[in-house]
Every structure is written in structure tokens, then in C-alpha cells.
Amino acid sequence: MTGLTREEAAGRIMVALDYPEAGAAKKLLRDLEGIPCYIKVGMQLFYSAGPAFIASLKESGYRVFLDLKMHDIPNTVKGGASSITKLGVDMFNVHGAGGKEMMEAAMEGVDAALAGGSTGGYRPTVIAVTHLTSTSQVVLNSEIGIAGSVEDAVIRYATLAKSAGLNGVVASPQEVQLIKAACGAEFKTVTPGIRPAGAALNDQSRIMTPSEALAQGTDYMVIGRPITGAADPRAAIESIIEELVGNE
Ligand SMILES: O=C(O)c1cc(=O)[nH]c(=O)n1[C@@H]1O[C@H](COP(=O)(O)O)[C@@H](O)[C@H]1O
């Protein structure tokens, strides 16, 4: 196997900008200047800073994953997907729990936006959340009421997402190999629940270290607090890149 270059390693990292407003997020971006990572904007920042912040990220040349986890009736998700596509993001997500028709509607929304021509024909990668990485086996069975293993439940959503025409899923790195086996190597895996050795778990449950996740074959690892909560965020991401370099 060939090792990753520093640039390739950085490109596998999606930094989660979980901040209350644009100013704090921009400070982090200044700290990370020159590192070619992917940027994830979630609901906290998007509900506050909105499309203007996405536009500023794109103008700065970042690849952007807009993580709004849509989960609604098909018609509403179709409209949401259309609006998101017009923002020109590189990736967005829906909840697999919305079902196949809802996921198909998301793809129709993308097509409708592209047909309108407002994105210059750029097609975003659409992925489905399987089971949140904060969900443990016990919570899945006892609280949510889904019987069986987390792995089986994740694979069910992944195969459903694939059959709906989506490009991949969000899951824990612990399920990557099963997803690739069930859905093919080209089906993207985006994995939060990444914790460098010794880092605080916070509210995550199904976790792995960056190098363990890479060894599973994950395409992208979403990392928030281990970088954004560090005293020196640039040193934190550099140390993760270092861990990944040469390790594919
Ligand atoms: O869709 C996501 O990005 C997501 C799905 C999931 O199952 N678990 C999960 O943690 N996330 C997101 O990934 C990020 C993880 O952040 P940290 O736990 O701070 O590394 C957060 O922005 C979450 O919203």
C-alpha cells in the first residue's frame, strides 16, 4: 500500500466548524490557513451565518460539506435539496431514516437545481446518515427500539441509500468495511466519531483513532472538538495529519 502525502491526509479530514457565529469560525480558518482540509458546516453555524458564510468558504476555495441532516416528507426534502444544491456545496446529507422515497426525492431536488442551471452544472455528493455515532448498541435497542446489532442497522440504511441513488453514507469508522463490502468501494464513507488516542470522548460512542479509521478504508473523517477545542488547533490538526501520513 502507498502512504498518504501530507496534502492527501489533510484532504481526508473534514473539520467540523461547530461554532455559534461566523466570527469564531473565521478565526479557526485563519488558524488553519494553508491546510487543504475539507470544511463541514453544521446546523449551529448555518442557522446563524447562513448562505453568505457558505459563499465565503467557496470563494476562499474550500470544499464544503453542508451537514443539515434533512429528514422530512419527500416533497419538502426535494425542495431543501434543490436550495442546498444552488449554494454550490460539494456535499450534503439527509437522514436514511426518512426512507427510500425521501432519499430519491433529495436526488430529484439536486437534478431540478442542476436543470435550472444556477450552479454551473456542479453536482454535489449526497450522503445519508445511518445511525448517529453517538448512538450505542444499548440506545439503539432499548431507547430507539430497533432490534439487532448496530452494524446490521447501519448496513440496512447504507444499502437503502445506495438503492435510492445516493453516493454514500455517514457512519462510524467501525462500520466502514461492512459498508464497502455491501455497497462497493466507490460508495463513500464519511466518518465522524474520530478521537485521537487519549482525547475526550465527549458525546461520541462508536469511535476510532484517525489512523484506525484510515486503516478501515474511510474516505473522509469528520473531526470537530479534537481540533476546534484544542488550545492550539493548528498543532492539533498537524498532529492528526502526521498520524495519517504514510499510513494508508
Ligand atoms: O453528519 C455528521 O456530520 C455527523 C453524524 C454522526 O453520526 N455523528 C456526528 O458526530 N456527526 C457530526 O460530526 C461532528 C463531530 O464532531 P466532534 O465530536 O466534535 O468531533 C459534529 O459536527 C456532528 O454533528
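What follows draws every value from the coordinates through simple rules; no lab data is involved. Predicted model, so just to flag it, every value in this text is computed and none were measured. Cβ placement follows ideal geometry from the backbone for every residue including glycine, while neighbour counts extend to all protein chains displayed.
Using the Cα gyration tensor of the stretch 195-248, with a ≥ b ≥ c the square roots of its eigenvalues, what is the shape: rounded (a/c below 1.5), prolate (a/b larger than b/c) or oblate (neither)? The shape class here is oblate. Here r is the Cβ-Cβ distance between residue 83 and residue 33 and R0 is 35 Å; the resulting FRET efficiency, rounded to 0.05, is 0.70. Local charge for residue 47 was computed over the other residues whose Cβ lies under 15 Å away, with Lys and Arg +1 and Asp and Glu -1, and equals -1. For the stretch 85-236, the square roots a ≥ b ≥ c of the C-alpha gyration tensor eigenvalues yield an a/c of 1.5 or more together with a/b not exceeding b/c, which makes the shape oblate. Amide H to amide H, with H built 1.01 Å from N, residue 63 comes under 5 Å of 39, counting only residues 5 or more places away or on other chains. For the chain, the number of Lys pairs separated by eight or more positions or lying on different chains, with C-alpha atoms closer than 14 Å, is 12. The phi-based Karplus calculation (6.51 cos²θ - 1.76 cosθ + 1.60; θ = phi - 60°) puts the 3J(HN,Hα) values of the stretch 15-23 at 7, 7, 8, 8, 10, x, 7, 4, x Hz, whole numbers, x for Gly and Pro. Taking label points 7 Å from Cα along the Cα-to-Cβ direction, residue 47 and residue 142 give a separation of 2.9 nm.
Proximity of backbone amide H atoms, modeled 1.01 Å from N, is registered between residue 222 and 14, 191 at under 5 Å, excluding neighbours fewer than 5 places apart on the same chain.
Comparing 191, 155, 119 along the charge dipole axis of the stretch 109-214, the residue lying farthest to the positive side is 119, per the Cβ-charge model.
Checking the a/c ratio against 1.5 first, then a/b against b/c, what shape does the Cα gyration tensor give for the stretch 15-141? Oblate shape, in that a/c is at least 1.5 and b/c is the bigger or equal ratio. If you filter the stretch 128-214 for GluC sites (Glu not before Pro), then keep DSSP loop positions with at most 12 other Cβ within 10 Å, what is left? Listed in order of number, the matching sites are 186.
What separates the Cα centres of the stretch 148-189 and the stretch 48-91 is a distance of 22 Å.
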